[in-house]
Amino acid sequence: MDGVALLVSLLMQDQVLAELVPADRIIGGPLPEAIELPAISVTSISRVDRHPVTGSGATLVRERVQISVFASGYDEVKAILSAVRTGRTSVRILPDSPLFALMPAATVHTDSSGPEFLIEEASIHGGSQDFAVMFTEAR
């Protein structure tokens, strides 16, 4: 499991976001060229592993994950990014959550907002939001 897979899973389960972007248009990695808009791409920006000296067989991982939103209008991008920021993505995954089996004791927080952009030839507006995902990984 990694931060990208966890955030894709969280986004797909968010009911408010589901009204704005269908789950099949929330993709880990680059979007397919002919995907219908709006769509969300979730990618890893960086990852830091902190190896313990004690040799416990586990390491703390902090992964920075970027959610990029693509839509046909600027206002639509802003609405989707707002839903992403205020939805279930900023959570602590506890043992009673179904996601706990995927990534026990993971913590997800908003990080910095990325740039807004326009792909003029295709009339595609975009924006991004970064998240910090922290979890323990077995070694």
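Only the coordinates and a few stated rules stand behind these numbers; no lab work does. Everything numeric here is computed off the predicted structure, so don't read it as measured data. Note that we place each Cβ from the backbone using ideal geometry, even for glycine, and neighbour counts take in every protein chain shown.
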Using a 7 Å offset from the Cα along the Cα-to-Cβ direction at both residue 74 and residue 45, what is the distance between the two label points in nm, to one decimal? 2.3
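First measure r as the distance between the Cβ atoms of residue 85 and residue 138, then evaluate 1/(1 + (r/R0)^6) with R0 = 25 Å and state the FRET efficiency to the nearest 0.05.
Values: r = 31 Å, r/R0 = 1.24.
It comes to 0.20.
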Which percent of the Cα-Cα distances in segment 1-81 go past 23 Å? 31
Could you compute the FRET efficiency for residue 121 and residue 36, with r as their C-beta to C-beta distance and R0 at 22 Å, rounded to 0.05? 0.80
